[in-house]
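The structure under discussion appears below in the form of structure tokens.
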Amino acid sequence: MERNLKNVLVISFGFLLLFTAYSGLQSLQSSLNAEEGLGVASLSVLYAALTLSSMFLPPIIIKKLGCKWTIAVSMCCYVAYSLGNFYASWYTLIPTSMILGLGGAPLWSAKCTYLTIAGTLYAEKAGKSARDIINQYFGIFFLVFQTSGVWGNLISSLILSQSSNQGEISEADLECCGAYDCLTDTTNSTGSERPSDSLIYTLLGVYSASGVLAVLLVIIFLDQIKSDQAETEKEKTPFWSTFLATLRHLKDKRQCLLIPLTMYSGFEQAFLSGDFSKSFVTCALGIQYVGYMMICFAGINSLCSLLFGKISQFTGRKLLFALAAVLNTSCIITVLLWKPDPKQLAVFFVIPGLWGVSDAVWQTQTNALYGILFEKNKEAAFANYRLWESVGFVIAFAYSTKLQVYIKAYIVLSVLVLSMLTYGAVEYLEAKSSPGTPAATKKENGGPHSQETHM
């Protein structure tokens, strides 16, 4: 096997193993560690640390350790979070959340740098276009990586479905489910009952082992990258200048107008994984169904991300943004009006399925929009993208335990309306600045769904 391709596959499957664990844990936090809101508080701290990390750490860590060891060390930060869940408390989960957040940005930056350098080196050797090879490498990576949400949630559902705590949920318990939840740590006495410690330890053991395997895979099989380009990466401008460039980019009116849309990406993902999973799925069906619900979301999201990337050149981004806004609005209205009932099982999956369709638009088209509008200043633009999306996550998880679901749904809906208004203003400015020229609709390769989501 060609050496560079082998390295691409090592990184791809390393991330698959690592995020199989993280995606499953993230989906369960609001239900598994519901006491005093510990789970969502840890996620809020995590994304706050990720925001700071994105601004400062990647250039320093990559310069000191190189791409391979930055990836390996950053992966250990994710393993620490899995281990912190074994004895979940404010003294274990909050510090490990901070560790994961600080390691997240160097991990993704090192991965992007490694694949870019590997693609460039192979292109020079084979006499091919560097852009084509790099796109091919990123395509392979995301093809493998995007399935992590499916595997992580499938593992959690299969293990937690063995719980002996399952049983019929009473009408009185169901009254505390849905948009007008009772704001208690455990929303009912049956569906939200914590699985046995042995099942939780089994699940966390599988997740921790998956993370350790990812670290070992990278350490043993990934080659250290060496090239003139790597040296150039090390000699980049000081880390603080990246932060200043990010702030300077806010002088662009279009960037300021895109802040609500970018933050909305964090709000809507946090609502589905934090609020819908707890107050609807866990409350009315049981925690073992959260994984299946997230599989529905992740699977449809991945397929639609691929589809929308292909068809955007024919439909244009405006039509796709309109579709996503209509679907998300419909889902939020349904959440506000619908009283969850275990007999209506299909609805528990239709909502996250449609949410996955709209989220695919938010991820692919917002990334593409940044790449197109700020083509000459991409680094600062995407730093702003990561910053404001993370701020959306932080805010949404921070107020998660303080407000009832219907209030949070209205907040998400309000941010969506504001996002569409400011996005429309951006399109108006673009049309005004280039009259007679159709808006570009090409697809730009962006970052992960989210982290992380998908982070």
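Assorted remarks:
- Computed E for Cys182/Asn135 - FRET, C-beta separation, R0 51 angstrom, nearest 0.05: 0.55
- Cα centroid separation - the range 253-293 against the range 370-417, whole Å: 11
- Between Leu247 and Val326, the contour length at 0.36 nm per residue exceeds the alpha carbon distance by 25.2 nm.
- FRET efficiency, 1/(1 + (r/R0)^6) with R0 22 Å, evaluated for Leu158 and Ala209 via beta carbons: 0.90
- Between Ile220 and Lys318, the modelled label-to-label distance comes to 5.5 nm, taking each label 7 Å out from Cα in the direction of the beta carbon.
- Percent of Cα pairs exceeding the 24 Å cut-off, where the set is the range 242-431: 40
- Excluding ligands, DNA and RNA, the accessible surface per residue across the range 242-431 is 37 Å² with a 1.4 Å probe.
- Each peptide in 416-425, 104-113 gets a packing score, the mean of other Cβ atoms within 10 Å over its residues, and the list from highest to lowest is 104-113, 416-425.
- The portion of the accessible surface of the range 242-431 made up by carbon and sulfur, rounded to a whole percent, is 70 (1.4 Å probe; DNA, RNA and ligands excluded).
- With R₀ fixed at 25 Å, the C-beta to C-beta distance from Leu52 to Cys76 puts the FRET efficiency at about 0.85.
- 13 Å cut-off, amide nitrogen to a point 7 angstrom out along Lys432 Cα→Cβ, residues in the range 369-383: none
- Trp90 versus Leu345: modelled label distance in nm, points set 7 Å from Cα along the beta carbon direction: 4.1
- Take Ser74: with every protein chain present and a 1.4 Å probe, its accessible area is about 0 Å².
The values are calculated or read from the model by the stated rules, or taken from the named source; none is laboratory data. Treat the numbers as computed from the prediction; the structure is a model and nothing was measured. Please note: Cβ atoms are built from the backbone with ideal geometry, for glycine as well, and neighbour counts cover all protein chains shown. For the accessible areas, the whole protein counts, side chains as well, though only heavy atoms, and no ligand, DNA or RNA atoms are used. Shrake-Rupley method; radii C 1.70, N 1.55, O 1.52, S 1.80 Å.
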